[in-house]
Amino acid sequence: MEIIFATGNPNKIKEVNQILGDTKITIKGLKDIGCTEDIPETQPTIQGNAIQKANYVTQKYQVNCFSEDTGLEVDALHGEPGVNTARYAGKGKDPEANMAKILQNLGTSTNRTARFRTVIALNINGHQHIFEGICEGAIALQKTGTGGFGYDPIFLPKGYHGKSFAELTKEEKNQISHRGIAVRKLLNFLENLSKS
Ligand code: IMP
């Protein structure tokens with residue numbers, strides 16, 4: 001089965017392909033359908049943005065597709081950056097500036113709990129399905145590690161003894177990450193669909 005992943009983010013395509021591994025599902029990118037424009041993401045929630053992106057692509061290109069949107073929710077910052085995770089420190093979507101802003105806003109606060117939330121919206125055969133993945137953790141006092149992308153150097157997933165996402169192997173991250181959880185739910189659904 002071939003399905004379009006409505007994202008322009010190559011890191012996400014790489015991670016999702018790793019998670020899918022040897023399954024019969026092949027991901028195609030937006031470029032494969034001639035979509036090179038920026039897809040609007042103007043909704044007030046993570047789920048709203050995931051739905052908006054999937055609907056844009058399905059309506060304009062008449063294809064089955066899925067999109068995903070991810071946010072980091074920091075409890076001491078009242079759930080921020082949340083839906084503004086990509087642009088927390090400005091329009092440039094600069095991960096270094098984003099991480100610096102979180103570390104500065106939290107200061108030395110001892111309440112550092114946070115979570116990554118991914119929502120996937122799948123449009124298939126005229127129906128829509130939503131899948132969610134959550135990874136609980138905390139914000140580090142400083143950056144550690146060199147792997148991953150985005151906020152990985154400051155996110156300490158629960159149960160990994162203070163290691164950041166950026167210090168885990170790809171396989172370790174995919175096993176427990178918000179995106180890994182949501183993508184496996186999607187995969188399960190698609191596999192069942194292809195059997196029926
Ligand atoms: P979006 O879903 O593309 O809007 O991404 C939201 C923001 O979250 C971007 O700044 C990404 O870099 C960041 N992000 C998404 N997934 C991850 C992740 O797995 N680790 C670290 N940062 C992430």
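How many residues does the range 48-92 hold that are away from the ligand (no atom under 15 Å from the Cβ), touching a residue at least 60 places away in the same chain (Cβ under 8 Å) and not in a loop (DSSP other than H, G, I, E, B)?
Residues flagged as away from the ligand (no atom under 15 Å from the Cβ), touching a residue at least 60 places away in the same chain (Cβ under 8 Å) and not in a loop (DSSP other than H, G, I, E, B) within the range 48-92 amount to 3.
Quick one: how many residues across the range 70-95 are under 18 Å from the mean Cα position of the chain (by Cα), within 16 Å of Phe155 (Cβ to Cβ) and surrounded by fewer than 17 Cβ atoms within 10 Å (Cβ to Cβ)?
1
Need the failing condition index for Ala182 against (1) within 27 Å of Ala100 (Cα to Cα); (2) at pLDDT 95 or above; (3) among the small types (Gly, Ala, Ser), just the number.
(1)
Could you check the range 93-104 and list, in sequence order, the residues that are over 11 Å from Ile139 (Cβ atoms) and assigned to a helix (DSSP H, G or I)?
Correct list: Pro95, Glu96, Ala97, Asn98, Ala100, Lys101, Gln104.
Could you please find all residues in the range 35-47 being of a type in the set (Val, Ile, Thr) and outside any helix (DSSP H, G or I)?
Thr36, Ile39, Thr42, Thr45
Inspect the range 44-55 for any residue being among the charged types (D, E, K, R) and under 27 Å from Ile176 (Cβ atoms) and give the result as yes or no.
Within the range 44-55 (the criterion being among the charged types (D, E, K, R) and under 27 Å from Ile176 (Cβ atoms)), the answer is yes, since at least one residue qualifies.
How many residues are in contact with a Gly (Cβ under 7 Å, 6 or more places away or on another chain), in contact (Cβ under 8 Å) with a residue 60 or more places away in the chain and more than 16 Å from Phe5 (Cβ to Cβ) when one looks only at the range 105-152?
Residues that pass the stated criteria total 2.
What single numbered condition from (1) within 14 Å of the ligand (Cβ to nearest atom); (2) farther than 23 Å from Glu171 by Cα; (3) of a type outside the set (Lys, Arg); (4) part of a helix (DSSP H, G or I) fails to hold for Asp32?
(1)
The values are calculated or read from the model by the stated rules, or taken from the named source; none is laboratory data. Because the structure is a prediction, the values reported are computed rather than measured. Note that we place each Cβ from the backbone using ideal geometry, even for glycine, and neighbour counts take in every protein chain shown.
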